[in-house]
Amino acid sequence: MSVTTVVGQPRPYIMTTVNNEWNSGICDCFQDLPQCCLSFWCPCCFACKTSYEAGECVCLPLLDGCGMIPPITTAIRVSIRQRYGIEGTICKDCAYACCCGPCTWCQVAREIKTRTNPITFVNLST
(Lines give C-alpha, C1' and ligand atoms only; values in the text may rest on other atoms or scores of the structure.)
Protein backbone atom coordinates (compact mmCIF):
# COMPACT_ATOMS: atom_id res chain seq x y z
CA MET A 1 0.00 0.00 0.00
CA SER A 2 1.49 3.35 -1.07
CA VAL A 3 0.59 6.72 0.34
CA THR A 4 0.45 9.75 -1.97
CA THR A 5 1.42 13.00 -0.34
CA VAL A 6 0.12 16.22 -1.80
CA VAL A 7 2.98 18.70 -1.92
CA GLY A 8 1.18 21.80 -3.18
CA GLN A 9 -2.44 22.81 -2.99
CA PRO A 10 -4.11 24.47 -6.00
CA ARG A 11 -4.25 28.23 -5.65
CA PRO A 12 -6.84 30.57 -7.11
CA TYR A 13 -5.79 32.83 -9.94
CA ILE A 14 -6.47 36.44 -8.98
CA MET A 15 -7.34 38.85 -11.76
CA THR A 16 -7.95 42.56 -11.19
CA THR A 17 -10.08 44.78 -13.39
CA VAL A 18 -8.59 48.21 -12.78
CA ASN A 19 -8.29 50.54 -15.76
CA ASN A 20 -8.50 54.23 -16.58
CA GLU A 21 -11.80 54.11 -18.46
CA TRP A 22 -15.42 53.72 -17.43
CA ASN A 23 -16.30 50.04 -17.08
CA SER A 24 -19.58 50.63 -18.89
CA GLY A 25 -20.87 53.15 -21.39
CA ILE A 26 -23.33 55.92 -20.67
CA CYS A 27 -26.14 53.99 -22.43
CA ASP A 28 -25.38 50.57 -20.91
CA CYS A 29 -28.16 50.90 -18.34
CA PHE A 30 -29.48 47.40 -19.04
CA GLN A 31 -26.29 45.83 -17.67
CA ASP A 32 -27.86 46.22 -14.24
CA LEU A 33 -31.61 46.05 -14.76
CA PRO A 34 -32.73 46.70 -11.13
CA GLN A 35 -30.70 49.91 -11.01
CA CYS A 36 -31.98 50.89 -14.45
CA CYS A 37 -35.59 50.45 -13.34
CA LEU A 38 -35.09 52.39 -10.11
CA SER A 39 -33.39 55.20 -12.05
CA PHE A 40 -36.27 55.33 -14.53
CA TRP A 41 -39.19 55.10 -12.10
CA CYS A 42 -37.72 57.10 -9.20
CA PRO A 43 -34.73 59.14 -10.38
CA CYS A 44 -34.56 61.28 -7.23
CA CYS A 45 -34.40 58.24 -4.93
CA PHE A 46 -31.81 56.59 -7.17
CA ALA A 47 -29.63 59.73 -7.30
CA CYS A 48 -29.77 60.07 -3.50
CA LYS A 49 -28.87 56.38 -3.05
CA THR A 50 -25.95 56.66 -5.47
CA SER A 51 -24.76 59.87 -3.84
CA TYR A 52 -24.70 58.07 -0.50
CA GLU A 53 -22.75 55.16 -2.02
CA ALA A 54 -20.25 57.69 -3.41
CA GLY A 55 -19.67 58.94 0.14
CA GLU A 56 -21.58 62.20 -0.24
CA CYS A 57 -24.61 63.64 1.54
CA VAL A 58 -27.72 61.64 0.73
CA CYS A 59 -29.80 64.77 -0.02
CA LEU A 60 -27.20 66.45 -2.22
CA PRO A 61 -28.79 65.46 -5.59
CA LEU A 62 -32.02 67.23 -4.61
CA LEU A 63 -30.23 70.53 -5.31
CA ASP A 64 -29.89 69.69 -9.02
CA GLY A 65 -33.28 71.18 -9.91
CA CYS A 66 -32.03 74.71 -9.30
CA GLY A 67 -30.42 75.44 -12.67
CA MET A 68 -29.89 74.54 -16.31
CA ILE A 69 -26.71 72.54 -15.69
CA PRO A 70 -27.20 69.98 -12.91
CA PRO A 71 -24.20 70.87 -10.72
CA ILE A 72 -24.44 67.93 -8.33
CA THR A 73 -24.68 65.29 -11.06
CA THR A 74 -21.67 66.87 -12.76
CA ALA A 75 -19.74 67.11 -9.48
CA ILE A 76 -20.44 63.48 -8.48
CA ARG A 77 -19.39 62.26 -11.94
CA VAL A 78 -16.16 64.29 -11.77
CA SER A 79 -15.54 63.01 -8.22
CA ILE A 80 -15.92 59.36 -9.27
CA ARG A 81 -13.75 59.96 -12.33
CA GLN A 82 -10.98 61.44 -10.19
CA ARG A 83 -11.32 58.84 -7.41
CA TYR A 84 -10.80 55.95 -9.81
CA GLY A 85 -8.40 57.66 -12.24
CA ILE A 86 -10.84 57.57 -15.17
CA GLU A 87 -9.87 59.74 -18.11
CA GLY A 88 -12.32 62.35 -19.32
CA THR A 89 -13.10 66.06 -19.36
CA ILE A 90 -15.36 68.36 -17.41
CA CYS A 91 -17.06 69.24 -20.71
CA LYS A 92 -18.12 65.62 -21.27
CA ASP A 93 -19.22 65.31 -17.64
CA CYS A 94 -21.33 68.44 -17.98
CA ALA A 95 -22.83 67.32 -21.32
CA TYR A 96 -23.76 63.89 -19.93
CA ALA A 97 -25.27 65.44 -16.80
CA CYS A 98 -27.37 67.87 -18.87
CA CYS A 99 -28.55 65.50 -21.59
CA CYS A 100 -28.58 62.08 -19.91
CA GLY A 101 -29.11 62.61 -16.18
CA PRO A 102 -30.56 59.20 -15.26
CA CYS A 103 -28.06 57.40 -17.50
CA THR A 104 -25.23 59.33 -15.83
CA TRP A 105 -26.41 58.28 -12.38
CA CYS A 106 -26.69 54.65 -13.57
CA GLN A 107 -23.14 54.75 -14.96
CA VAL A 108 -21.79 56.19 -11.72
CA ALA A 109 -23.63 53.54 -9.68
CA ARG A 110 -22.31 50.72 -11.89
CA GLU A 111 -18.78 52.12 -11.60
CA ILE A 112 -18.95 52.25 -7.80
CA LYS A 113 -20.34 48.71 -7.71
CA THR A 114 -17.61 47.40 -10.04
CA ARG A 115 -14.72 49.27 -8.42
CA THR A 116 -15.62 48.30 -4.86
CA ASN A 117 -15.36 44.60 -5.81
CA PRO A 118 -12.38 44.60 -8.22
CA ILE A 119 -11.09 41.06 -7.59
CA THR A 120 -12.39 38.12 -9.60
CA PHE A 121 -11.48 34.59 -8.54
CA VAL A 122 -10.99 32.04 -11.27
CA ASN A 123 -10.71 28.35 -10.38
CA LEU A 124 -7.99 26.75 -12.54
CA SER A 125 -8.20 23.25 -11.08
CA THR A 126 -9.48 20.60 -13.46
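Restricting segment 47-79 to residues that are in a loop (DSSP other than H, G, I, E, B) and free of Cβ contacts under 8 Å to residues at least 12 places away in the same chain leaves a set whose member that is nearest to Val108 (Cα to Cα) is Gly55.
Each row is one residue, and each column tells you yes or no for (1) over 21 Å from Cys27 (Cβ atoms); (2) open to solvent by less than 70 Å² (accessible area, probe 1.4 Å).
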site: Gly65; (1), (2): yes, no
site: Pro70; (1), (2): no, yes
site: Ile80; (1), (2): no, yes
site: Gly85; (1), (2): yes, yes
site: Cys94; (1), (2): no, yes
site: Cys100; (1), (2): no, yes
site: Cys103; (1), (2): no, yes
site: Lys113; (1), (2): no, no
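Listed by first and then second residue, the pairs with beta-carbon distance under 7 Å, at least 6 apart or on different chains, first residue in segment 28-42 and within 16 Å of Gly101 (Cβ to Cβ), second surrounded by 13 or more Cβ atoms within 10 Å (Cβ to Cβ) and among the aromatic types (Phe, Trp, Tyr), are Leu38/Phe46; Ser39/Phe46; Ser39/Trp105. When Ile90 is tested against the conditions (1) surrounded by fewer than 19 Cβ atoms within 10 Å (Cβ to Cβ); (2) touching an Asp or Glu at 6+ places or on another chain (Cβ under 8 Å); (3) among the aliphatic types (A, V, I, L, M), the lone failure is (2).
The values are calculated or read from the model by the stated rules, or taken from the named source; none is laboratory data. Small disclaimer: the values here were computed from a predicted structure and weren't measured. Glycine also receives a Cβ, built like all others from the backbone with ideal geometry; neighbour counts cover every protein chain displayed. Accessible surface is based on the protein model in full, side chains and every heavy atom, while ligands, DNA and RNA are left aside. Shrake-Rupley method; radii C 1.70, N 1.55, O 1.52, S 1.80 Å.
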